[in-house]
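Colleague: One structure follows; several queries about it will come next.
The values are calculated or read from the model by the stated rules, or taken from the named source; none is laboratory data. Model, not experiment: these values are computed from the prediction. When we count neighbours, we look across all protein chains shown, and the Cβ atoms used for this are built from the backbone with ideal geometry, even at glycine.
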Amino acid sequence: MNEKPTRESFSAVLVTQGERKFYTLTLESDILAQTCVASPRVEDPDEGFQRTLSLKRAESIRDYIEHGGVIPGSIVLSAHETANLVYDSKRKTIQFDLVAGAFLIIDGQHRVYGFRLSNKKLRVPVVIFSGLSKRDEARLFIDINTLQKSVPNELLLDIKKLAETESEMEAQARNIFDYYESNSSSNLFGLLSPREKASNKITRATFLSAFKPLLKQYAQIEVEKLTEIFDSYLHGFASAVPLGVDFRKTIVKPVVFRAVATVFPLVARLVGFKHNKVYTAENFEQALKPIRSLRRTIFTSPGASYKELGDVFSKALDQTNTEL
């Protein structure tokens, strides 16, 4: 004889937006783990629409929760028939059966998975829709994931200092970026965008991606010295590009900037060897002379891979490399 499923009641608020109605409430994280399922597209190609669950992402959410982190955003659910959901307008409560598959996760599957992995019990904000068709669920998923714009990485990086969450390397890159942005003698002055994506500007995110490897490789050098040397390198590169190439217009292309940063260690070694570690713009320009023989289109239409472009620069310098 099958036992009846456990049924519980929770305080809830009925909300009407246009033609849609839904309930807002909070649930214990273990109840979410017990009743919610996702429908990954890869496992259910006919009716699934969620992305495949990432264990790594769920584990990072678990670790964040267990270290006292707060996740105030609502989990969005669609109640299925197995939930037997009933709303009591007088008591302002909803009742449903605590069974697996009672709810389909529309938004928040990694948070629910992270809650499931955690030993910590939390009360979680939840939005529950009832009576949605498969089409309605898919459309709601699309709306949530297209109309709700995420915060740009550039802004997140910019406020990490305020939040006191940036790493030492991120702080170093930020200081270098800010120096170049504010110093009129820098070759990047007027070409940097600290808080948002902008056409013809190097963003903080692009700058960090390009500079992280350099900060690792030159960890023994004072950041101020590296900042000065790299700026001289940029001045030298600007003078070594093929005739007809506007360096200030091409260096703001993320692919070009990252490629230029990639070959910096090679060029710095050449200058150190030939000029006894005197890193002036003139010495960098001399080391970079083979770059001038490259086609202009390599700079004006650099493609999509900074690594491939960096290889082009390196090969152009091969003849000089043999002198090391």
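Colleague: Suppose we keep only residues that are part of a helix (DSSP H, G or I) and among the polar types (S, T, N, Q) within the stretch 200-218. Which one would you say is farthest from SER305 (Cα to Cα)? Write out each step before concluding.
Modeller: So in the stretch 200-218, the residues part of a helix (DSSP H, G or I) come out as 204-217.
When the remaining residues are screened for being among the polar types (S, T, N, Q), the result is 206, 209, 217.
Numbers: THR206: 14, SER209: 14, GLN217: 22 Å.
Across the stretch 200-218, the extreme among qualifying residues is GLN217.
Colleague: When you scan the stretch 223-275 for helices (runs of 4 or more DSSP H) that lie fully inside it, which ones turn up with 1 or more residues that are assigned by TED's automatic domain parsing to the domain that holds SER184 and out of contact with any helix residue (DSSP H, G or I) (no Cβ under 8 Å at 6 or more places or on another chain)?
Modeller: Where helices (runs of 4 or more DSSP H) fall fully within the stretch 223-275 and carry at least 1 residues being assigned by TED's automatic domain parsing to the domain that holds SER184 and out of contact with any helix residue (DSSP H, G or I) (no Cβ under 8 Å at 6 or more places or on another chain), they are 223-240, 247-250, 264-274.
Colleague: While we're here: Go over the candidates ALA219, ALA281, ALA238 one by one and state the one that is more than 24 Å from the chain's Cα centre (by Cα) and exposed (fewer than 14 other Cβ atoms within 10 Å of the Cβ).
Modeller: Result of the check over ALA219, ALA281, ALA238: ALA219.
Colleague: Still on this structure, please answer the following. Could you list all residues from the stretch 20-33 that are touching a Leu at 6+ places or on another chain (Cβ under 7 Å) and either outside the structural domain of ILE128 (by TED's automatic domain parsing) or loosely packed, with under 15 Cβ neighbours inside 10 Å (or both)?
Modeller: The first filter runs over the stretch 20-33 and keeps only residues touching a Leu at 6+ places or on another chain (Cβ under 7 Å), leaving 21, 23, 29, 31.
Answer for the stretch 20-33, where residues must be touching a Leu at 6+ places or on another chain (Cβ under 7 Å) and either outside the structural domain of ILE128 (by TED's automatic domain parsing) or loosely packed, with under 15 Cβ neighbours inside 10 Å (or both): just LYS21.
Colleague: For the stretch 163-196, give me each residue that is assigned to a loop (DSSP other than H, G, I, E, B) and at pLDDT 90 or above.
Modeller: Going through the stretch 163-196, the residues assigned to a loop (DSSP other than H, G, I, E, B) turn out to be 164-167, 183-191, 194-196.
Listed by number, the residues that qualify are ASN183, SER184, SER185, SER186, ASN187, LEU188, PHE189, GLY190, LEU191.
Colleague: Ok, one more. Return yes or no: is GLY108 assigned by TED's automatic domain parsing to the domain that holds SER133, without any contact (Cβ under 8 Å) to a residue 40 or more places away in the chain and out of contact with any Ser or Thr (no Cβ under 7 Å at 6 or more places or on another chain)?
Modeller: yes
Colleague: Could you list, in sequence order, the residues of the stretch 7-19 that are more than 15 Å from VAL127 (Cβ to Cβ) and either at pLDDT 90 or above or surrounded by 10 or more Cβ atoms within 10 Å (Cβ to Cβ) (or both)?
Modeller: ARG7, GLU8, SER9
Colleague: On to the next question. Among the residues of the stretch 59-87, how many are more than 38 Å from the chain's Cα centre (by Cα) and not in a loop (DSSP other than H, G, I, E, B)?
Modeller: Residues in the stretch 59-87 being more than 38 Å from the chain's Cα centre (by Cα) and not in a loop (DSSP other than H, G, I, E, B): 2 in total.
Colleague: List pairs: first residue in the stretch 302-320 and on the phi > 0 side of the Ramachandran plot, second residue surrounded by 14 or more Cβ atoms within 10 Å (Cβ to Cβ) and modelled with pLDDT of 95 or more anywhere in the structure, Cβ distance under 9 angstrom, at least six positions apart or on different chains.
Modeller: GLY303/VAL255; GLY303/LEU309
Colleague: Mind telling me which of the residues LYS120, LYS160, LYS90 ends up being in contact with a helix residue (DSSP H, G or I) (Cβ under 7 Å, 6 or more places away or on another chain), in the same structural domain as VAL15 (by TED's automatic domain parsing) and either outside any helix (DSSP H, G or I) or at pLDDT below 90 (or both)? Spell out how you get there, then give the answer.
Modeller: Values: LYS160 fails: in the same structural domain as VAL15 (by TED's automatic domain parsing); LYS90 fails: in contact with a helix residue (DSSP H, G or I) (Cβ under 7 Å, 6 or more places away or on another chain).
Criteria check complete, one pass: LYS120.
Colleague: With respect to the numbered conditions (1) under 20 Å from THR24 (Cα atoms); (2) surrounded by fewer than 21 Cβ atoms within 10 Å (Cβ to Cβ), which one is the sole condition not fulfilled by ASP63?
Modeller: Just one mismatch for ASP63, condition (1).
Colleague: Could you list, in sequence order, all residues of the stretch 78-90 that are more than 16 Å from THR16 (Cα to Cα) and in contact (Cβ under 8 Å) with a residue 24 or more places away in the chain?
Modeller: Result: ALA79, HIS80, ALA83, ASN84, LEU85.
Colleague: So, in the stretch 235-260, exactly how many residues are among the small types (Gly, Ala, Ser) and within 22 Å of SER184 (Cβ to Cβ)?
Modeller: 3
Colleague: Taking the stretch 54-83 as the region of interest, how many residues are at pLDDT 90 or above and either among the small types (Gly, Ala, Ser) or farther than 14 Å from ASN119 by Cα (or both)?
Modeller: 11
Colleague: Continuing with this model, one more query. Evaluate the stretch 123-136: report whether one residue or more is surrounded by fewer than 14 Cβ atoms within 10 Å (Cβ to Cβ) and in contact with a strand residue (DSSP E or B) (Cβ under 9 Å, 6 or more places away or on another chain).
Modeller: Quick first cut of the stretch 123-136, residues surrounded by fewer than 14 Cβ atoms within 10 Å (Cβ to Cβ) only: 123, 131, 133, 135.
So of that shortlist, the ones also in contact with a strand residue (DSSP E or B) (Cβ under 9 Å, 6 or more places away or on another chain) come out as 123, 131.
Yes; the residues of the stretch 123-136 include at least one that is surrounded by fewer than 14 Cβ atoms within 10 Å (Cβ to Cβ) and in contact with a strand residue (DSSP E or B) (Cβ under 9 Å, 6 or more places away or on another chain).
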